[in-house]
Amino acid sequence: MTGTVRERLLDAISERFRREFAGPPPRRFYAPGRINLVGAHLDYNGGDVLPMAVDRGLYVAARLRGDGRIRLRSLTVERQIDVEAAAVGSRTLAEWGWGGYPLGVWHGFRTRTGRADGFELVVGGDLPMASGLSSSAAIEVATAIALDALYGTGLDRQQLALLAHRAENGFVGLRCGIMDQFASALAKPGHVLWLHCAGPRYEHVPFDPASCEVLVMDTKKPRHLSRTGFNERVAQCATAHETLRAHVRDLPHLADYALADLDAARGAMDDVLFRRARHVITEMQRIATGVAALRAGDYRELGRQLDASHRSTATDYQVSCEELDVITDAARDCDGVLGARLTGAGFGGCAIALVRPGAAAQVARTVGEAFQRRFGVDAAFDVLNVGSGPGEV
Ligand code: GLA
């Protein structure tokens, strides 16, 4: 984000905060969104993922309240949340909408530290909401960092990531893995995060912007199926894992098995479970190849792994859609594109293309025209860079 865009956003958040809540100025915090290079739907299967925090994210202005109330405002979403802190239980309510994320984080602090003071918060940013760039993890991590600072609890980044993850998993009810919250909370400038979700353990691997840029391509297709379809995939993987344990051998996670194990269990699984498991197992191979390529500076090989990952998520995991297939195919046909795949959970939203520096503008034009001809929709394009980590602004 350029200095001026960021300053304008921060001014808008502070101004809204002053109008809504008056009183002394709040403290302000930031957390980035992410894309995931390879490792689709591996985090909740005990596998590896390779997310990159981007230079777009969410800011929150926040302050504690002494009257036991929680009040939440967004610059872009109309719904306002005013609740009695004591009335917040262990699950979100439909009427809280986006407020479920910060409320879930607050609930996590109350459970962990016993702190029950209310707070007020305004959020805004330059990350498109609900399109696969992890706006939900960004607001969770920004709120977690804010409450940690305001309460003076001194949790480290990994503890904050886990707390943010529990907000989404337990409080909001999406059975996601830890990738998004770790990608945001543990981001390091110039690096992507190689996260072994089973540990969890992680390493930062350098990403060279002089060799490769990330073009985000937003299909504008709403991700209607994302929650039900997502939780259904989690359940299918759990069943496939149970079947492998019962029929072949007992390993802790689905991502730990080999293709030979899967073949041995073929008769015990229906075709859908077989395909889900095959995606998970082959995606583990793609991430190993992808990380080795990244370390060697071989962005062409990394791009090939993105292409293969997209094919597998589309055919075996079935979380793509026509719009994501068309936009990634059109990108692959362009000069300077190294690879393309959907990002995030799928079902709509954004795809990414790895492009040679300097090629993005032409790729965006060509792909945008093809997409418009096919769907009558103007897709949005944006070159994102490796972002910095979260913190107080
Ligand atoms: C969503 C979830 C993540 C991960 C991805 C798929 O973004 O929140 O935990 O499972 O989908 O890779």
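The values are calculated or read from the model by the stated rules, or taken from the named source; none is laboratory data. Here the structure is a predicted model, which is why all the values come from computation and not from measurement. With ideal geometry, Cβ positions are generated from the backbone for all residues, glycine too; neighbour counts draw on all protein chains shown. Surface accessibility is based on the protein's heavy atoms, side chains included, excluding ligands, DNA and RNA. Shrake-Rupley method; radii C 1.70, N 1.55, O 1.52, S 1.80 Å.
Below, the figures for the structure above:
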| item | result |
| --- | --- |
| Spans of helices (runs of 4 or more DSSP H) in the stretch 151-257 with at least 2 residues away from the ligand (no atom under 16 Å from the Cβ) and among the β-branched types (Val, Ile, Thr) | 226-247 |
| Residue tally, condition open to solvent by 10 Å² or more (accessible area, probe 1.4 Å) and not polar (S, T, N, Q), over the stretch 311-327 | 8 |
| Spans of strands (runs of 3 or more DSSP E) in the stretch 21-99 with at least 1 residues within 22 Å of ARG8 (Cα to Cα) | 27-36, 51-65, 69-74 |
| Selection count where residues are more than 9 Å from the ligand (Cβ to nearest atom), under 30 Å from ARG275 (Cβ atoms) and in contact with a Lys or Arg (Cβ under 7 Å, 6 or more places away or on another chain), scope the stretch 22-49 | 2 |
| Cβ pairs under 8 Å, 6+ apart, first in the stretch 373-388 and closer than 20 Å to ASP55 by Cβ and touching a residue at least 40 places away in the same chain (Cβ under 8 Å), second open to solvent by less than 60 Å² (accessible area, probe 1.4 Å) and in a loop (DSSP other than H, G, I, E, B) | ALA380/PRO128; VAL386/GLY190; VAL386/PHE207; GLY387/ALA187; SER388/ALA187 |
| Sole residue being in a helix (DSSP H, G or I), more than 16 Å from the ligand (Cβ to nearest atom), touching a Lys or Arg at 6+ places or on another chain (Cβ under 9 Å) and modelled with pLDDT of 95 or more, chosen from THR143, THR111 | THR111 |
| Check on VAL319, among the β-branched types (Val, Ile, Thr), modelled with pLDDT of 95 or more and under 21 Å from the mean Cα position of the chain (by Cα) | yes |
| Leading residue by the ranking (farthest from the chain's Cα centre (by Cα)) among those in the stretch 328-361 that are at pLDDT below 95 and open to solvent by less than 10 Å² (accessible area, probe 1.4 Å) | GLY348 |
| Filter result (of a type in the set (A, V, I, L, M) and surrounded by 15 or more Cβ atoms within 10 Å (Cβ to Cβ)) within the stretch 214-237 | VAL214, LEU215, VAL216, MET217, LEU225, VAL234 |
| Verdict on LEU121 being away from the ligand (no atom under 16 Å from the Cβ), in contact with a helix residue (DSSP H, G or I) (Cβ under 8 Å, 6 or more places away or on another chain) and either without any contact (Cβ under 8 Å) to a residue 12 or more places away in the chain or among the β-branched types (Val, Ile, Thr) (or both) | no |
| Cβ-Cβ under 8 Å pairs, at least 6 apart or on other chains, the stretch 200-216 side among the β-branched types (Val, Ile, Thr), far side not in a strand (DSSP E or B) | VAL205/LEU50; VAL205/VAL291; VAL205/LEU294; VAL205/ARG295; VAL214/ASN385; VAL216/LEU133; VAL216/THR343 |
| Considering residues of the stretch 126-140 that are under 17 Å from LEU9 (Cβ atoms) and at pLDDT 95 or above only, the residue surrounded by the most Cβ atoms within 10 Å (Cβ to Cβ) | ALA138 |
